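What follows is a set of notes on a single structure, which appears directly below.
The values are calculated or read from the model by the stated rules, or taken from the named source; none is laboratory data. Nothing here was measured: the structure is a model prediction, and the numbers come from that model. FYI the Cβ positions are ideal-geometry reconstructions off the backbone, even for glycines, and counts take in every protein chain you see.
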Amino acid sequence: MLRILTVEEARQTILTRRPWDEIDLPSGMQEGIQAIFGELLTPDQVVQRILADVRRRGDAAIVHWTAAIDKIEILSIEVSRAQIQAAYDQTSKEVIEALQFAARRIEAFHRRQPSLSWLHNDEGGVLGQLVRPIDRVGLYAPGGTAPLPSSVLMSGIPARVAGVGYLGVISPPVKETGLPHPSILVAADIAGVDAVFTAGGAQAIGALAFGTQTVSAVDKICGPGNLFTTLAKRQVYGIVGIDGLPGPTETVLIADEGADPELAAADMLAQAEHDVLASAILLTPSRELAGKVQAAVMSQMELLDRTYQLTASLANNSGIVVTGTLDQAFDLANAYAPEHLCLAVADPWSHLGKVHHAGGVFLGERSFEALGDYVAGPSHTMPTGGTARFASPTNVNDFIKIISLVGLNETALQQIGPAAETIARTEGLDGHAAAVARRLR
């Protein structure tokens, strides 16, 4: 049941941030771990064991853990070009055209995000920066309870725009074929990836980080996934770069008394159906709207398929919060720092200055999150778990690195050298100071 809460109740429950790796696991997940490993391990321990095995045994570990966890036999870890082309025949023309349309919009948006090399030349010499793309990037494409071809586009296209040299995609197999879902393969082809591999969860992340007999090691891993995928990214960080640690997806909807309760309910359900740990939160000063949205959620839910995910998400992580004012709703949203912030209010642009922390802001009832998930243009991979306080959505800058350029001359040395020598001696680094002093003399 979707609850209606006071602000204080919400602060004690759904607006309280718990580390996503300390969330209580559903009983079914705990039972699965017990059955596979013979003991009840924490998710971190599960991931650690799988990663160590992939590092040691490579392809054999991928095959083993896919069979043990997903109950699927992988016949070929790398997907052939012929298998990718065959996926087009298994995907409707409507889906292919929609993915191509989305790809064009995503590319157009990210081509407006240039990161430029620059040089500044004066009497002291040259300072500047060189922008270079990352050589090798691996993308994880979720394909568990719902395949997400859109995620391939949302990370793959910005990477291509940035000029990444090698782009590999890895995604869980489906039972029917032992390959990634056909729509994932089509999306990978549209995004122009260089290779596609079959594996999911922690074993997939391990394969990208360490490399195996078949999977090429990469320099950075990007893309959303489930709890175990995210924990695996955290454990391999430092061996490779990562785009972040996306946790369960979340939406905060701020609505006033003029909002359409049916649309608000539809937006909350669209978020809640992602995962049992997903959060959909409505903040409104209108108690009347709160009641209408609650009723609409329950009635619309009967028309949707993912009942298990919806029931768990709405009951445990979601809710409707009645605030004192609209400004208080914005204060709560900023403190929560949601992945998605949807403004179903009159003249939403006039409230934009109140937003300080969010992965993405959706202005008005025609700019709703589901469009952002697929075709609006910006990447739908956004910071979760409150990390919108300091992190950004996936963008071109995730796939480049900046090299500082220093080309100073004698004039600069005489101007700035004495200060460098002083700081070096203050830090007790005589060798640094001597390197400066020898040149000054």
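Brief remarks on what is shown
- Total residues in region 368-386 satisfying the condition of being over 14 Å from the mean Cα position of the chain (by Cα) and either within 16 Å of A333 (Cβ to Cβ) or in the same structural domain as Y166 (by TED's automatic domain parsing) (or both): the figure is 1.
- Contact annotation: residue pairs with Cβ atoms under 8 Å, 6 or more positions apart or on different chains, pairing a residue in region 285-307 that is closer than 18 Å to G258 by Cα with a partner that is among the charged types (D, E, K, R), are P285/D256; P285/E257; S286/D256; S286/E257; E288/E257; L289/D256; L289/E257; A296/E262.
- Strands (runs of 3 or more DSSP E) fully within region 308-385 that include at least 2 residues being within 24 Å of D24 (Cβ to Cβ) and of a type in the set (V, I, T): 319-322.
- Subset of region 195-215 (residues that are closer than 14 Å to I72 by Cβ and outside any strand (DSSP E or B)): A199, G200, G201, Q203, A204
- Test: residue in region 319-331 that is hydroxyl-bearing (S, T, Y), out of contact with any Asp or Glu (no Cβ under 8 Å at 6 or more places or on another chain) and closer than 25 Å to P246 by Cα: no
- Applying a threshold of 8 Å to beta carbon distances and a minimum spacing of six or more residues, or different chains, the list of pairs starting in region 235-247 at a residue that is of a type in the set (V, I, T) and ending at one that is assigned to a loop (DSSP other than H, G, I, E, B) reads V240/A217; V240/V218; V240/D219.
- Test result for A376, in contact (Cβ under 8 Å) with a residue 24 or more places away in the chain, small (G, A, S) and closer than 30 Å to V218 by Cα: yes
- Residues within region 114-168 that are on the phi > 0 side of the Ramachandran plot and in contact with a Pro (Cβ under 8 Å, 6 or more places away or on another chain), tallied: 1
- If only residues of region 209-231 that are under 24 Å from D373 (Cβ atoms) and at pLDDT 95 or above are counted, the one that is surrounded by the most Cβ atoms within 10 Å (Cβ to Cβ) is C222.
- Candidate set: region 298-324, residues that are within 14 Å of E8 (Cα to Cα) and over 24 Å from the mean Cα position of the chain (by Cα); chosen: the one surrounded by the fewest Cβ atoms within 10 Å (Cβ to Cβ): G324
- Note on region 34-64: residues that are in contact (Cβ under 8 Å) with a residue 60 or more places away in the chain and over 12 Å from A207 (Cα atoms) amount to 5.
- Close contacts from region 313-324, counting a first residue that is farther than 9 Å from I281 by Cα and a second that is assigned to a loop (DSSP other than H, G, I, E, B) and β-branched (V, I, T), with Cβ to Cβ under 8 Å and a gap of 6+ residues or different chains, come to S313/V276; N316/V276.
- Hey, D194 modelled with pLDDT of 95 or more and either of a type in the set (F, W, Y) or within 26 Å of L343 (Cα to Cα) (or both) or not: no
- Enumerated strands (runs of 3 or more DSSP E) restricted to region 71-178, each holding at least 1 residues that are touching a His at 6+ places or on another chain (Cβ under 8 Å), outside the structural domain of T307 (by TED's automatic domain parsing) and buried (at least 16 other Cβ atoms within 10 Å of the Cβ): 125-133, 166-171
- Odd one out for K354 among (1) buried (at least 18 other Cβ atoms within 10 Å of the Cβ); (2) touching a Phe, Trp or Tyr at 6+ places or on another chain (Cβ under 8 Å); (3) farther than 24 Å from E273 by Cα: (1)
- Annotation: of all residues in region 232-258 being crowded, with 24+ Cβ neighbours inside 10 Å and either of a type in the set (A, V, I, L, M, F, W, C) or farther than 30 Å from V345 by Cβ (or both), the one that is nearest to the chain's Cα centre (by Cα) is D243.
- Members of region 387-427 that are closer than 30 Å to R441 by Cβ and under 42 Å from the mean Cα position of the chain (by Cα): S404, L405, V406, G407, L408, A420, I423, A424, E427
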